[in-house]
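What follows is a single structure, written as structure tokens, with notes after it.
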Amino acid sequence: MSFIKKMMTFLVFLILTSNQAEAYVYLAPQRPRIMPEDGRTQYFYLTSQTPVFPDKDTFEGGFYSSFSDDETFALLVDRAMNFWNGIPELSVQLAIGEERKGVIDADDNLFSIGIGKINSVASGLAFPAVDVKDTQRLRDCDIQLGTDIVSIPAFIFVMVHEFGHCLGLGHNHSDPDAIMSYWQPRTVVALSLDDMAGVLSLYPPKSSGNVNNFAPCGSVAAAYRESQADGRFVKGPKQRKAMALQGILLSLPLLWALFHAITSWSFRRRRQSFVR
Ligand SMILES: [Zn+2]
């Protein structure tokens with residue numbers, strides 16, 4: 001095979017495979033995670049402040065309009081938790097603690113959710129704190145939300161994302177569909193296969209036996225099937241095809257430049273041999 005043919009084959013290979021390189025990312029190499037006291041449920045406590053939701057009376061046909069701001073806050077936090085809780089057989093569950101005793105303080109070992117002014121581009125922040133004695137354990141994780149809540153969908157997205165950090169996930173840099181990417185403008189809040197694979201790896205189902213950190217074969221596929229069946233939308237293979245197409249379209253200028261270089265080179269070579 002000539003050099004040019006080899007290069008072209010390699011390029012086609014790169015284009016076809018580049019978008020497959022998606023992966024979940026952990027918060028730290030030690031893979032710290034929540035280790036609830038009862039081994040199963042991690043409670044998060046709300047602070048005394050309550051955010052105001054500007055679209056409370058219009059969102060989903062005004063479903064939340066009959067609830068107080070306090071109740072709406074709790075309902076929406078619960079809704080965000082359920083994105084992660086809904087992954088079948090996940091060995092950890094998130095829940096709201098009954099007392100409203102939350103404090104944004106990374107030293108009190110109390111998982112809290114509150115609102116406050118954020119001087120950053122982010123609309124929410126998570127403060128996962130790793131235990132110094134046991135670097136595999138997150139002993140505290142407070143979530144602080146900005147005071148300016150844009151809308152209920154934005155609030156849900158931010159909450160699901162920050163819970164991902166508190167579970168031990170870092171940012172995903174290669175899959176914009178992942179909740180754990182920092183690509184925020186989106187209309188549908190859904191976990192991606194990468195998000196699910198990440199938490200399933202940190203919190204493998206108990207049915208996988210005593211093997212630590214081992215999610216059984218097919219865990220992600222099972223979670224994906226279930227999410228499709230009950231109407232929760234998980235970003236899956238369809239989106240990846242769209243991304244592959246995007247990749248090819250973005251590569252067109254490069255391909256054109258390469259094609260141009262090759263044709264003018266072979267043309268010059270032909271001309272040279274003609275002169276000789
Ligand atoms: Zn983040």
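The stretch between Trp265 and Thr147 holds 36.4 nm of extra length on full extension. This uses 0.36 nm per residue minus the Cα-Cα distance. For the pair Cys217 and Leu245 in one chain, pulling the backbone fully straight at 0.36 nm per residue adds 7.1 nm over the alpha carbon distance. Residues whose amide H falls under 5 Å from that of Gly170, counting only those 5 or more places apart or on a different chain, are Val25, Tyr26, Leu27, with hydrogens built in the peptide plane. The per residue volume of the convex hull around the alpha-carbon atoms of the stretch 23-235 is 127 Å³. Taking each residue as 0.36 nm, the span from Ala95 to Arg137 lengthens on full extension beyond its C-alpha to C-alpha distance by 13.3 nm. Between Thr58 and Ala257, the FRET efficiency from the beta-carbon distance, with R0 = 35 Å, is close to 0.10.
What percent does the relative contact order of the stretch 23-235 come to when contacts are Cα pairs within less than 8 Å and at least six residues apart? RCO, the stretch 23-235: 25 percent.
Throughout, read-outs are computed from the coordinates displayed, never taken from laboratory work. Only a predicted model underlies this, so the values are computations on that prediction, with no experimental measurement involved. When we count neighbours, we look across all protein chains shown, and the Cβ atoms used for this are built from the backbone with ideal geometry, even at glycine.
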